[in-house]
Amino acid sequence: MYCFLRLSVLLVGLIVSASSYAANAVQPLTTADDLGPKVEQPIEFPHDRHAGDAAKGGMEINCMYCHTYARRSIVAGIPPLQKCIGCHQSIESVRETPRIKKLFEYWEAKKAVPWKKVHDLPDFVRFNHERHIQRFVFAQNKPVQEACGYCHGDVKTMTVARRQKPLSMGWCVSCHQKDHPVDATSTKTTHGPNDCWQCHK
Amino acid sequence: MSITNLLENWSDFRQQHPSDDRPHREYKWAMSIDLDACTGCNACSVACYAENNLPVVGKEKFAHGHSHHWIRIERYWDNDGREFADQGAQFLPMLCQHCEAAPCETVCPVGATNHTADGLNSQVYNRCVGSRYCNANCPYKARYFNWYDYPTTDNVWPEPMNQQLNPDVTVRGKGVMEKCTFCVQRLTVAKSDARSEGRSVLDGEVQTACQQVCPTGAISFGNLVDPLAKVGKQWMTQQVELNKDKQAKDTAEEAAKLRGYRILEELRTYPSVMYLEQLRESAI
Ligand code: SF4
Ligand code: SF4
């Protein structure tokens, strides 16, 4: 009896582990609901209103208007509250909406909005925004939203941004292995570096 | 990255000692250390601690060989059969020599230590599994193993010291091998700035932390590919060549006045650090 019990436990264990192995094996890198964790921001920021297409009620603001550091530094940066207020103090039409009211509450309390990080890479990874923006937006003349979208997804259709891409090493490397044109006009192509120390620290 | 991809493109991922058909293209970082100028003050070692988030392990662990200085000052006495040396100690700063044919690289079971296109010996902490095989194979004993989880359990950076940690460098955890990186975080920034301006890194634009603090300027660092680099000129005056394991100094009689040498060259590791011999009164 005892022996049978042991055998059945073993069998169940085998089946469970085999099936979980199979499930792991077929898992694709990106799935429809692989949007990363849903991050609750202090203010539900409408990216779609700010960056979205004019036809859909967006204002088509350049990503780099608020994320000013992207083109000249390793991090893209979050705009200071002053930047939000700079525009919003003269936009009367939305002044009384709950989100903007909250914004002004922070402003009057002289406190920064505690935005949370959505695209958070591990500490041992070094990602340089400047390099990618210089390469794709300035050298290759790609539209900003397309270039940012390679990693951040179609942010102009989102309210609070969510992670859209796996941001795993394999995913980064898969792009670094492709040949991209060096600039808008030339036919010369190169791929990204694949030396470990380029990204790891 | 899939394992098939890694294996198929192995030569791409693992740079080798460049021969004539595969020379270093844009950068080859190298160093030269003038032992005549070195006073053994240890400033380089301290700077390296600060720059690279090295844990200060304390006397007891140090005695167990758990030290973490990526650059150490070795002392040698020339007693010549007498009880005391009459000229005091000779000092020699020892750091990872960034060997072109690094013995540590070939033995890593997971490929955590590699050769970069810039001629650096890279150590990728998050890939390291702690076999310590590289340490055993390094003839310069320039690698240091993290035996403890210093950041957390040993609290080596109590508040407010954690504020001085360098955000450009990882705080390594337990079970990981580490070593001098030629301050790669500084190299990456300099290279990135240079690329934005469409040029190569200029000589003197980037300094390693140990070089920066050396009060006597004993350490020089730069790009060997750049014909204007000070290090390259020093290597040239001393007739030391990167890809040779027998230098002019060892062969020709009249070359005895050349001071440049690399340590344990006969092992054919082709180090990237050249030392300049100390001139001694007795030798003149
Ligand atoms: S000095 Fe040691 S750790 Fe550095 S590259 Fe040479 S063998 Fe590797
Ligand atoms: S080059 Fe940088 S990492 Fe290497 S010993 Fe000097 S300070 Fe330390």
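The values are calculated or read from the model by the stated rules, or taken from the named source; none is laboratory data. This structure is a prediction, so every number in the text was calculated from the model and none was measured. Neighbour counts run over all protein chains shown; Cβ positions are idealised from the backbone, glycine included. For accessibility, only protein heavy atoms count, side chains too; no ligands or nucleic acids. Shrake-Rupley method; radii C 1.70, N 1.55, O 1.52, S 1.80 Å.
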Among the residues of the stretch B:189-216 satisfying the criterion of being within 27 Å of residue B:34 (Cβ to Cβ) and within 11 Å of another protein chain (Cβ to nearest Cβ), which is surrounded by the most Cβ atoms within 10 Å (Cβ to Cβ)?
-> B:191
Limited to the stretch A:75-100, what total is found for residues that are open to solvent by less than 90 Å² (accessible area, probe 1.4 Å) and either within 21 Å of the chain's Cα centre (by Cα) or of a type in the set (A, V, I, L, M, F, W, C) (or both)?
-> 12
What are the residues in the stretch A:54-79 that are away from chain B (no Cβ under 14 Å), of a type outside the set (A, V, I, L, M) and closer than 23 Å to residue A:132 by Cβ, if any?
-> A:60, A:62, A:63, A:65, A:66, A:67, A:68, A:77, A:79
Exactly one of (1) over 19 Å from residue A:124 (Cα atoms); (2) within 13 Å of chain A (Cβ to nearest Cβ); (3) part of a loop (DSSP other than H, G, I, E, B); (4) open to solvent by less than 30 Å² (accessible area, probe 1.4 Å) is unmet by residue B:125. Its number?
-> (1)
Helices (runs of 4 or more DSSP H) wholly in the stretch A:1-71 with at least 3 residues that are modelled with pLDDT under 75 - which ones?
-> A:2-26
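Only helices (runs of 4 or more DSSP H) wholly contained in the stretch A:88-198 count here; list those with 2 or more residues that are among the aromatic types (Phe, Trp, Tyr).
Hits in the stretch A:88-198: A:98-108.
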Working only within the stretch A:131-143, note down all residues that are closer than 24 Å to residue A:45 by Cβ and either surrounded by 18 or more Cβ atoms within 10 Å (Cβ to Cβ) or within 14 Å of chain B (Cβ to nearest Cβ) (or both).
-> A:132, A:133, A:137
May I ask you to list the residues in the stretch B:128-145 that are closer than 30 Å to residue A:74 by Cα and either within 14 Å of chain A (Cβ to nearest Cβ) or of a type in the set (D, E, K, R) (or both)?
-> B:128, B:143
Could you list, in sequence order, all residues of the stretch B:172-188 that are open to solvent by 30 Å² or more (accessible area, probe 1.4 Å) and either among the small types (Gly, Ala, Ser) or closer than 20 Å to residue B:67 by Cβ (or both)?
-> B:174
If you go through the stretch B:92-122, how many residues are farther than 18 Å from residue A:198 by Cα, away from ligand 2 (no atom under 16 Å from the Cβ) and either hydroxyl-bearing (Ser, Thr, Tyr) or open to solvent by less than 10 Å² (accessible area, probe 1.4 Å) (or both)?
-> 2
Take the residues of the stretch B:99-112 that are without any contact (Cβ under 8 Å) to a residue 60 or more places away in the chain and not in a loop (DSSP other than H, G, I, E, B): which is farthest from ligand 1 (Cβ to nearest atom)?
-> B:106
Identity of the residue in the stretch B:130-171, among the small types (Gly, Ala, Ser) and open to solvent by less than 30 Å² (accessible area, probe 1.4 Å), that ends up nearest to residue B:55 (Cα to Cα) | B:142
Within the stretch A:158-166, identify whether any single residue is loosely packed, with under 12 Cβ neighbours inside 10 Å and either closer than 16 Å to residue A:124 by Cα or within 14 Å of chain B (Cβ to nearest Cβ) (or both), and answer yes or no.
-> no
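Within the stretch B:180-280, considering only helices (runs of 4 or more DSSP H) that don't extend past its boundaries, which have at least 3 residues that are within 15 Å of ligand 2 (Cβ to nearest atom)?
The helices (runs of 4 or more DSSP H) meeting that bar are B:184-196, B:209-213.
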Among the numbered conditions (1) buried (at least 17 other Cβ atoms within 10 Å of the Cβ); (2) at pLDDT below 95, tell me where residue B:219 comes up short.
-> (2)
Any residue in the stretch A:158-186 that's farther than 30 Å from residue A:58 by Cβ and acidic (Asp, Glu): show its pairings with residues that are open to solvent by 50 Å² or more (accessible area, probe 1.4 Å) and not in a loop (DSSP other than H, G, I, E, B) at Cβ separation under 7 Å, as long as the two are six or more apart or on different chains.
-> A:179/A:189; A:179/A:190
Residue in the stretch B:42-91 that is nearest to residue B:146 (Cα to Cα), counting only those that are of a type in the set (Ser, Thr, Tyr) and open to solvent by less than 40 Å² (accessible area, probe 1.4 Å) = B:67
Of the residues A:120, A:53, which single one is among the charged types (D, E, K, R), open to solvent by 70 Å² or more (accessible area, probe 1.4 Å) and over 27 Å from residue A:185 (Cα atoms)?
-> A:120
Please work out if residue A:190 is open to solvent by 40 Å² or more (accessible area, probe 1.4 Å), within 21 Å of residue B:196 (Cα to Cα) and away from every other protein chain (no Cβ under 14 Å).
-> no
Name the pairs whose Cβ atoms lie under 9 Å apart, with the first residue in the stretch B:153-170 and within 14 Å of another protein chain (Cβ to nearest Cβ) and in a loop (DSSP other than H, G, I, E, B), the second among the charged types (D, E, K, R) and open to solvent by 50 Å² or more (accessible area, probe 1.4 Å), and 6 or more positions between them or separate chains?
-> B:167/A:123; B:168/B:186; B:170/A:123
